Amino acid sequence: MKDFPPEFSDNEQEHHFEWTTPSGTAFIDYKKTSRQLMLIHTEVPETMQGQGIAPKLVTAALTFAEENGLKVIPLCVYVLAFLKKHPEWNRVLAHEPKG
């Protein structure tokens, strides 16, 4: 993956986008098809909380989707909350958000 921070990786075997630091690994669980990316669950270990890791991880996952021509279906409550604060990412969504 070009132009991604070194902390970010796509663990295809586990179906996770991961953000790894010496403090641990945060991840977004996903399901990928040829056209869509479902973001299912975001988890940040307690040792990594409060460092701004979750928004960096979501931004990297959305960038990955955009660069790979995938439309995002956000199922994770954190990702949904992030998208409400950052409507500029609506361009990668499979459906426009309601409300």
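Any read-out appearing in this document is the output of simple, stated calculations on the displayed coordinates, not a laboratory observation. The structure presented is a predicted model; accordingly, all values stated were derived computationally and were not measured. Cβ atoms come from the backbone with ideal geometry, glycine included; neighbour counts cover every protein chain shown.
Some notes on this structure:
- Given charges at beta-carbon only (K, R positive; D, E negative), |dipole| of the chain in Debye: 460 debye
- Ellipticity at 222 nm from helices only: DSSP H runs of n ≥ 4 in the chain, each -39500 (n - 2.57), divided by the residue count, give -7500 deg cm²/dmol.
- For the chain, the relative contact order comes to 21 percent (Cα pairs under 8 Å, sequence separation of at least 6).
- Coordinate range of the alpha-carbon atoms in the chain per principal axis, descending: 37, 28, 22 Å.
- In the chain, lysine pairs with alpha-carbon atoms under 21 angstrom apart (chain gap of 8 or more, or interchain): 15
- Extending 7 Å from Cα along the Cβ direction at THR33 and again at LYS84 yields two label points whose distance is 2.7 nm.
- Paramagnetic label reach from GLN13 (point 7 Å along Cα→Cβ; backbone nitrogen cut-off under 14 Å): within segment 36-57, no residues.
- Using a Förster distance of 30 Å, the FRET efficiency for GLU67-THR21 (Cβ separation, nearest 0.05): 0.85
- Share antiparallel - DSSP beta bridges, segment 8-92, percent rounded to 5: 80 percent
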